[in-house]
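What follows draws every value from the coordinates through simple rules; no lab data is involved. Every value quoted in this text rests on a predicted model; they were computed, and no experiment measured them. Cβ placement follows ideal geometry from the backbone for every residue including glycine, while neighbour counts extend to all protein chains displayed.
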Amino acid sequence: MWLTLGRRIGGLLIVMFLVAAMVFFLTRLAPGDPAALMLGDQATAEDIAHLRQVYGLDKPILVQFVLWLKEIATGNLGQSIFLQRPVTQAIAERAEPTFFLALFSVSIAALVGIPAGIVSAVWRGRVVDQIVSGLAMLAANIPSFWLGLIFIQFFAVRLGWFPVAGYGDPGAPFVERIAHLALPATVLGIVNSALIIRFTRASMLDVLSDDYIRTARSKGISEIRVVLRHAFGNALVPIITVVGLTAALLVGGAIVTETVFGLPGIGNLVVSAVLRRDYPVIQGALIVVAGIYVLINLLIDIIYTFVDPRVRY
Amino acid sequence: MISPPLLAIDDLEVRFRTEEGESTPVRGVTLSVAAGETVALVGESGSGKSVTSLAVMGLLPRPAGRVARGRILFRRRSEQIVDLAAMPSSEMRKLRGSEIAMIFQEPMTSLNPVLSIGEQIAESVRQHMGLGRAGAVKRAVEMLDLVEIPDARRRVDEYPHQMSGGMRQRVMIALAMSCNPSLLIADEPTTALDVTIQAQILALIDRLRREVGMGVLFITHNLGVVAEVADRVTVMYAGQVVESSPVKDLFRSPRHPYTSALLNCLPARAKRGADGRRMVQSIPGTVGNVGEGCAFAPRCAHSIEMCRTSSVALEADGERSARCLRWREILA
Ligand SMILES: Nc1ncnc2c1ncn2[C@@H]1O[C@H](COP(=O)(O)OP(=O)(O)OP(=O)(O)O)[C@@H](O)[C@H]1O
Ligand SMILES: [Mg+2]
C-alpha cells in the first residue's frame, strides 16, 4: 500500500510539472503585451521597456520558464502586476469564500444526491424513481446563473432572508460572512447534485443485482440493512469519485456563480486577472487550483483503501 | 404415528410478470423433505429448480415474481406448521437464515467483498440468536472451525478475495449453518468447484446433516452427486415434478421416460446402450410450448395421442410418484 502511495505521489509531481509548463506557455501564447497594457495609451517605448525588464519579460522565454519554476518550487508565485502584492497573498485573500462555497456546495450536493440516488435505485421504475430522475435531469440542465438570479430575486430581494450579494465586510464576524454563501451554495449544490444522483443510482442498481445481495437477503436481515450496509457499501467507490471530483472542480472557483453573487473568490480573481493580462496571477491561480485538484484525487485514492479491502491488500 | 415432513411443497405454481408477458416457470411442483433426509432436486437447465428454492426462501424477485398457487408447508422448531407461501414477509424474514438457510451456486460472488467473513457470519448470528458483538464473532470462529477452515481465529478477519473458491464455499456453508437451520437448501453448491474440492464439500454437508439432523434439499445437475448424497430424488421437467422416488428405486427402475432419458445420459449407462433403449448422450428435441398435455410428450419415444391432449396428474404409489399416463405399460 505504501508503495502504491509513493508511486501515486511521484505521478502527482510529474502531473504538476506538466501543468506548470502548460500554464506558463499557454499564457505566453496569448497576444497582447502586459507592460504596454498596464501603462496605458500614453506610455513611451522606454517606459514599456523598463517595465518589461522589471518583470523579467525581456528575457528568452525558456529562461523565464526555468526561473519561474525555481520560484514556484519554493512557494513563491511572483508579484501581481496590477495588485501590487505577492500572488500568494492575492490568492490567500480570495481563498476563504471559494473554499467554503466549495465545501458547502459539495455537502449539499452529496446530502441531496446520495439519498435521492439510493431511493431511486431501490424503487427503480416506480413513481419515486421517475420523479427523482426527472428532477435530476432538470437540475443538470438548469444554468447556474439563471437559478442564481431567481434565488436572489426571491429569497434575497423579495423575502429578504439572505444578503443579496457580496461577501460582507472583511472585518465582519465569520458567521456573517458565511451567511452570504447560503444562496450560492444552495444553487451549486442543486446543480451538482444531478450528477451525484445519477452516479449513485447507476452504481446502486449495478450492485443490487449482485449475488451477495441475494445472500444478504437469505440471512433474514432487514431490507434497510441489505440496502445500506451490503449494497451501499459496495456502491461507494464510484460515488466517492464523483463527489470528490465535484469538490475538486468547485475549488477551482465557480466562476459564473461567484460573478452572479459578487463573491470575491478565486474565480473572480482569475477573471479579472485574465481581463488585465496579469500573467503572474493567472499562472499562480491555475497552479494552485491544479495542485488542489491533484491533491483531492490523491485523497480519493486514500479513501478507496478504507472502503474497499481489495484495494487495501 | 409418523411426524409430518419438515417441508412439504404442494402443487406449487410460480408466475413471473416480464416485459414479454406472463411466464410460469414453476407449474406443479410437489415434493417433501423430512428431517435428517437429503432430497435431490434434478432436472435440466431452466426447469425451475432455482425458482422453486427461491419461492421456499421467500426470495422471488419482486415485484415480478409471485406464488400463484399451491402451498409450501414448513414445520417450525416449535412444531407449528406454517405455509411459507402465505406468510407475511416480516414473519418470513425471521425464518430465513435461522430455520431455513440456503447455499448458492457461485461461491466466488456470493459473499460480500467489502465485509470480512467474520462480519458476514456474525451479522446473521446477531440477527437471529440475539448474541452481542463479541459472542457473535466467537460463534463465527466456531462455525469456521466446524467447516474445517484451518486457523479460523485468524481467517475470521479476512475478506472473501483472500480465499479460494473452495474456502469461500465453506464460508457460505458456515454462514448458512450458523443459526442451526432445520432445513438447508443447497442450490448446486459444488458445480463451480473442481472435483476434489467438490467431494470435500459434499462430505462436509453430509456430515453436518447427520450431526444436527437437518433436512437438505440438494439441487444439482449431476446424477453422480445424486447417487452419492441423496436419500430420495425429485425430477423436474419444464416447471413440473415428473417423478419422485427413493434414490435406489429411481436408478434401478425409473418410471418417467424423462428420468430414463436422464439416466441414459450418464456416461456409465450410455456405454451399455445396446439394451434396446435408443437414447444416448443427449435427449433429442427441445422443451416446447407447454399446453394441456404432458410437457415431455413432444420428445418422448412412448408418447401417444392422449399424452398430448389430456392433462397428466402426478400419480402417487407408495413411496414413489410419477407424472406419466403409460409408466406401467412402458415398464412391463
Ligand atoms: N427473475 C426472473 N424473471 C423472469 N424469469 C425468470 C427469472 N428467473 C428465472 N426465470 C425463468 O424461470 C425459468 C426457470 O429458471 P430456474 O433458474 O429455476 O432454472 P434452473 O432449473 O435452476 O436451471 P439451472 O439448472 O440452469 O440453474 C427459466 O426459464 C428462467 O428464464
Ligand atoms: Mg438454478
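Could you tell me the ratio Rg/Rh of the range B:10-153? Both radii from Cα atoms, Rh via Kirkwood.
On the way: Rg = 17.5 Å, Rh = 17.4 Å.
Ratio value, two decimals: 1.00.
Kindly provide the Kirkwood hydrodynamic radius of chain A in Å, to one decimal, from all pairs of distinct alpha carbon atoms. All intermediate terms of the calculation are to be shown ahead of the outcome.
Details: mean 1/r = 0.0447 Å⁻¹.
Value: 22.4 Å, from the Cα pair sum.
Report the charge-dipole magnitude of chain B in Debye, nearest 20, computed about the Cα centre from +1 at each Lys and Arg Cβ and -1 at each Asp and Glu Cβ.
Values: 41 positive and 37 negative charges, 32 e Å.
Taking the Cα centre of chain B as origin, the dipole is about 160 debye.
Once phi is turned into ³J(HN,Hα) by the Karplus curve 6.51 cos²θ - 1.76 cosθ + 1.60 with θ = phi - 60°, what whole-Hz value does each residue of the range A:116-130 show in order, with x for glycine and proline?
These are the phi-based 3J(HN,Hα) values: 4, x, 5, 4, 4, 6, 5, 9, 3, x, 7, 4, 4, 4, 5 Hz.
Using modelled amide H (1.01 Å from N, peptide plane; none on Pro or chain starts), what sits under 5 Å from the amide H of B:Val14, excluding residues fewer than 5 places away?
B:Val26, B:Arg27, B:Gly28, B:Ala68
At 222 nm, what helix-only mean residue ellipticity would chain A give, in deg cm²/dmol to the nearest 500, using -39500 (n - 2.57) for each DSSP H run of four or more?
So the calculated ellipticity at 222 nm is -23500 deg cm²/dmol.
Output wanted: per-residue J couplings in Hz (rounded whole) for the range A:176-193, from phi through Karplus 6.51 cos²θ - 1.76 cosθ + 1.60, θ = phi - 60°, x for Gly and Pro.
5, 5, 4, 4, 5, 8, 4, 5, x, 5, 5, 4, 5, x, 5, 4, 7, 5
Shape call for the range A:223-313 from the C-alpha gyration tensor, a ≥ b ≥ c root eigenvalues: rounded (a/c under 1.5), prolate (a/b greater than b/c) or oblate? Spell out each step's value before the answer.
Values: a/c = 6.25, a/b = 2.28, b/c = 2.73.
Oblate, because a/c is 1.5 or more while a/b does not exceed b/c.
Say the dipole of the protein assembly as shown comes from +1 at the beta carbon of Lys and Arg and -1 at that of Asp and Glu; which of A:Thr88, B:Leu115, B:Ala192 then lies farthest toward its positive end?
Comparing the listed Cα positions along the dipole, B:Ala192 ranks first.
Using only Cα atoms, what Kirkwood radius does the range A:208-263 have, in angstroms? Don't skip to the answer; put the middle values down first.
Details: mean 1/r = 0.0717 Å⁻¹.
So the Kirkwood estimate lands at 13.9 Å.
Apply the a/c threshold of 1.5 to the C-alpha gyration tensor of the range A:97-157 and tell me whether it is rounded, prolate or oblate. The partial results should precede the final answer.
On the way: a/c = 2.96, a/b = 1.64, b/c = 1.80.
Verdict is oblate for the range A:97-157.
Hey, what do the phi angles of the range A:285-296 turn into as Karplus ³J(HN,Hα) couplings, whole Hz, using 6.51/-1.76/1.60 and θ = phi - 60°, x for Gly and Pro?
Working through the residues one at a time gives 5, 5, 4, 4, 4, 4, x, 5, 4, 5, 5, 5 Hz.
Kirkwood-based Rg over Rh for chain B (C-alpha set), two decimals?
Values: Rg = 20.7 Å, Rh = 21.0 Å.
Using Cα coordinates only, the ratio equals 0.99.
Would you mind estimating how fast the range B:111-178 diffuses translationally, via Stokes-Einstein at 25 °C and 0.890 mPa s with the Kirkwood radius over Cα pairs, in µm²/s? Please report the intermediate quantities before stating the final value.
Working: Rh = 11.4 Å.
It diffuses with D of about 215 µm²/s by this estimate.
Let me know the mean shielding of A:225-231 by other chains, meaning the per-residue number of their Cβ atoms within 10 Å of its Cβ. Write out the running numbers ahead of the final one.
Details: counts 2, 0, 0, 0, 5, 5, 1.
That average works out to 2.
Gap in Å between the Cα centre of the range B:196-235 and the Cα centre of the range B:1-75?
The range B:1-75 and the range B:196-235 have Cα centres separated by 19 Å.
Test of the criteria: in the range B:162-219, which trypsin sites (Lys or Arg not before Pro) are in a DSSP loop and have at most 11 other Cβ atoms within 10 angstrom of their Cβ? If you can, show how the numbers build up before the last one.
On the way: sites: B:Arg168, B:Arg170, B:Arg207, B:Arg209, B:Arg210; in loops: none.
Qualifying residues, ordered by number: none.
For the protein assembly as shown, report the convex hull volume of the alpha-carbon atoms normalised per residue, in Å³, without decimals.
Values: hull volume 150.0 nm³, N = 645.
Dividing the Cα hull volume of the protein assembly as shown by its residues yields 232 Å³.
Could you give the dipole magnitude of the protein assembly as shown about its Cα centre, charging the beta-carbon of Lys and Arg +1 and that of Asp and Glu -1, in debye to the nearest 20? Provide the component values of the computation, followed by the final result.
On the way: 64 positive and 56 negative charges, 266 e Å.
Roughly 1280 debye for the protein assembly as shown.
222 nm [θ] for chain B, helices only, -39500 (n - 2.57) per DSSP H run of 4+, per residue, to 500? Present the calculation step by step, with values, prior to reporting the outcome.
Numbers: 13 runs with 114 residues, N = 332.
Computed mean residue ellipticity for chain B: -9500 deg cm²/dmol.
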